[in-house]
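**Student:** Before I ask anything, let me first share the structure, which is written out below as structure tokens.
The values are calculated or read from the model by the stated rules, or taken from the named source; none is laboratory data. Just so it is clear, the model here is predicted, and its values are computed rather than measured. No Cβ is skipped: glycine too gets one built from the backbone with ideal geometry, and neighbour counts run over all protein chains shown. Protein only, heavy atoms only, side chains kept; ligands, DNA and RNA dropped before computing areas. Shrake-Rupley method; radii C 1.70, N 1.55, O 1.52, S 1.80 Å.
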Amino acid sequence: MSAASVRPAVRAPWPGRLAIGAGVLVAVLLQLLPFYITVTSAMKARSDLSSQWLPRLTGIHWQNFATAIEQGGILRAIGNSAIVTLGATVLVCVLGALAAYPLARRSTLSNRLVLAGVVGLIMIPPLSILVPLYSMMSQWHAINTYWGMILVMTATQLPLAIFLYTAFMRALPVSIEEAASVDGASAVQVLFRVVVPMLTPVTATVVILTSVNVWNDYALSVYLMRSPEMRTIAPATATFFSTTSSDVGAAAAASLLSVLPVLVVYLVLQRYFIKGMVAGSEK
């Protein structure tokens, strides 16, 4: 690349940068506002009628969290969601990577049609398949079971994973795989010893998107996990809030407890998240 072809970055005028900064700040504040009110509400007792905008720095009412755990069964619901989320996320990553490899490396007409169908499946809302899905799950005796819910969540999240893995693999240089083949590696060895180790960024993205979607799922979980003992975190939190609507502090504490596990996962994997999301456009 010649020096003449390298153009200096053009900076926007300061009014434009100021407007962009102000817009980003407003967007961030709007996103954080519900979480802030939830935190301040969880700190106050039911009898505390002070403003929710003011945080309580002393005398935090920890009983709200105890009420959420004892009466709402939040810890049991977190355990159920953890099992479903972990199982579905592992299956989505494995099946998504295996399905995406031939779609990314063999640009045939049939593979392009398959990928178009996969992208189309992303657009289908889950509730549109609820009736036939519930009927099938009932016939399989899969209602209120971990394996049934894991299979349903895997099926709903797999199209997006295949799309992301395919876009990422297309950006990987084919020459690395060709060099491994010249050295005597089989197709399976090339996939698992050369391609899979390079999938860390997109796998982190798939893990975050899948785990967050499965963890927060309410539309299907409320019908497929109806038993109180098998209820996942979103239906459990909604049920607890409906039964204790007068105790806003306990309901807010339940919401905070429900978001902690997925927040930890995001903080651990966040440095790979953006890289995986934009990798498909860097070819």
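**Student:** Give me Rg over Rh for the chain, both radii from the alpha carbons and Rh done the Kirkwood way, two decimal places. Mind showing how you got there, number by number?
**Tutor:** Details: Rg = 23.5 Å, Rh = 22.2 Å.
That ratio equals 1.06.
**Student:** I've got another one for you. Can you send over the carbon and sulfur percentage of the accessible area for the chain, probe radius 1.4 Å, protein chains only? Write out the running numbers ahead of the final one.
**Tutor:** Numbers: 11410 of 16600 Å².
That share works out to 69 percent.
**Student:** Considering only protein heavy atoms, what per residue accessible area in square angstrom results for the range 7-137 with a 1.4 angstrom probe?
**Tutor:** Here the per-residue accessible area is 67 Å².
**Student:** Report ³J(HN,Hα) in whole Hz for each residue of the range 155-165, in order, from the Karplus equation J = 6.51 cos²θ - 1.76 cosθ + 1.60 where θ = phi - 60°; Gly and Pro get x.
**Tutor:** 5, 6, 9, 5, x, 5, 5, 4, 4, 5, 5
**Student:** Given the DSSP H assignment, sum -39500 (n - 2.57) over each helix run of at least 4 residues in the chain and divide by its residue total; what's the result at 222 nm in deg cm²/dmol, nearest 500?
**Tutor:** Result for the chain, helices only: -23000 deg cm²/dmol.
**Student:** On to the next question. Picking from THR58, THR166, THR67, which is most flexible by a Gaussian network model of the chain using Cα springs under 10 Å?
**Tutor:** Residue with maximal mean-square fluctuation among THR58, THR166, THR67: THR58.
**Student:** Toward the positive end of the charge dipole of the chain, about the Cα centre and with charges on Cβ (Lys, Arg +1; Asp, Glu -1), which of GLY73, TRP147, ILE162 goes farthest?
**Tutor:** ILE162
**Student:** Who wins for biggest fluctuation among PRO261, PRO173, PRO126 in a Gaussian network model of the chain, springs between alpha carbons below 10 Å?
**Tutor:** PRO173
**Student:** Also, I was wondering about something else. Using θ = phi - 60° and the Karplus relation 6.51 cos²θ - 1.76 cosθ + 1.60, list the HN-Hα couplings for the range 71-80 in order, rounded to whole Hz, with x at every Gly or Pro.
**Tutor:** With coefficients 6.51, -1.76 and 1.60, one gets 8, x, x, 5, 5, 5, 5, 5, x, 4 Hz.
**Student:** Moving to a separate point now. Rank LEU172, VAL194, SER211 by how far each Cα sits towards the positive end of the charge dipole of the range 152-236 (+1 on Lys, Arg Cβ; -1 on Asp, Glu Cβ) and give me just the farthest.
**Tutor:** SER211
**Student:** Now, a different point. Leaving out ligands and nucleic acids, and using a 1.4 Å probe, what accessible area per residue does the range 172-254 come to in Å²?
**Tutor:** Numbers: 3690 Å² over 83 residues.
Spelled out: the 1.4 Å probe surface of the range 172-254, per residue, equals 44 Å².
**Student:** Mean-square fluctuation check for the chain, GNM, Cα pairs under 10 Å: which of ALA185, ALA42, ALA100 is largest?
**Tutor:** ALA185
**Student:** Still on this structure, I have one more. How big is the range 164-238 along each principal axis, measuring the range of its Cα positions in Å and listing the largest first?
**Tutor:** 57, 20, 14
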